[in-house]
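Novice: My questions will all concern the structure given below.
The values are calculated or read from the model by the stated rules, or taken from the named source; none is laboratory data. Quantities reported herein were computed from a predicted structural model and do not represent experimental measurements. Here the Cβ is made from the backbone with ideal geometry for all residues, glycine too, and neighbour counts use every protein chain on show.
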Amino acid sequence: MNRYEKAKGIHSIVKHTAERLKFTDNVELESLMKRAVWYFDKKYNKEKDPIKASFHIFRKAVDDESVLDEADLSAEERAELLLNIRLKMMPTPDKIRADVSVHCTGPAGVEAVKAALRAGIDSAEKKSDRGDLKHNEVETDTINITLIAPPEYRDVGN
């Protein structure tokens with residue numbers, strides 16, 4: 001099923017490219033398939049790999065468009081194909097959620113917690129801007145902090 005879905009996605013990209021290029025008959029679509037999909041499948045397919053090579057090539061083209069250089073495509077076909085590949089195969093960003101309980105027993109605890117959370121967000125943004133992330137750290141686009149429940153107040157009783 002997975003193999004079928006990936007092949008269907010590749011076909012959809014090429015078919016949409018042909019429509020945008022105003023191809024009028026199936027001969028032109030077949031020609032584009034031969035030059036853009038079947039060429040890579042014939043040249044790079046591995047016997048044991050259930051996924052066609054064209055899928056892997058199109059995934060690489062999202063980041064490195066030079067992988068399509070060896071295909072016999074006109075500049076217009078290549079540009080339209082790249083546009084459609086990027087639209088349909090761009091990875092979606094993952095969202096990570098964590099519930100955190102924060103406590104502060106000192107004076108002005110709510111303000112201290114807010115200041116600490118703001119400092120953490122600022123630190124993450126500065127680190128991302130400088131580009132000094134380590135190899136196992138992930139760059140963050142945004143950090144959102146949402147208050148789920150109102151703060152609880154306790155008398156510490158001195």
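Rundown of residues vs (1) buried (at least 16 other Cβ atoms within 10 Å of the Cβ); (2) closer than 30 Å to L147 by Cα, yes/no style:
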| site | (1), (2) |
| --- | --- |
| I13 | yes, no |
| E19 | no, no |
| E70 | no, no |
| L73 | yes, no |
| R97 | no, yes |
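Novice: If you don't mind, another one. Out of everything in the range 1-51 that is of a type in the set (G, A, S) and over 16 Å from D72 (Cα atoms), what residue ends up being nearest to the chain's Cα centre (by Cα)?
Specialist: To start, the set of residues in the range 1-51 that are of a type in the set (G, A, S) comprises 7, 9, 12, 18, 31, 36.
Next, from what is left, pick out any that are over 16 Å from D72 (Cα atoms): 7, 9, 12.
Working: A7: 20, G9: 16, S12: 19 Å.
Only one residue fits best here, namely G9.
Novice: Now for a separate question. If I go through the range 84-99 residue by residue, how many of them are in contact with a helix residue (DSSP H, G or I) (Cβ under 9 Å, 6 or more places away or on another chain) and without any contact (Cβ under 8 Å) to a residue 12 or more places away in the chain?
Specialist: Our first condition is that a residue be in contact with a helix residue (DSSP H, G or I) (Cβ under 9 Å, 6 or more places away or on another chain); within the range 84-99, this holds for 84-91.
Now restrict to residues that are without any contact (Cβ under 8 Å) to a residue 12 or more places away in the chain: 87.
Within the range 84-99, residues that are in contact with a helix residue (DSSP H, G or I) (Cβ under 9 Å, 6 or more places away or on another chain) and without any contact (Cβ under 8 Å) to a residue 12 or more places away in the chain number 1.
Novice: Another question about this same structure. Taking A115, is it over 24 Å from the mean Cα position of the chain (by Cα), in a helix (DSSP H, G or I) and at pLDDT 80 or above? Outline the logic, then answer.
Specialist: On the way: over 24 Å from the mean Cα position of the chain (by Cα): yes; in a helix (DSSP H, G or I): yes; at pLDDT 80 or above: yes.
The answer is yes for A115.
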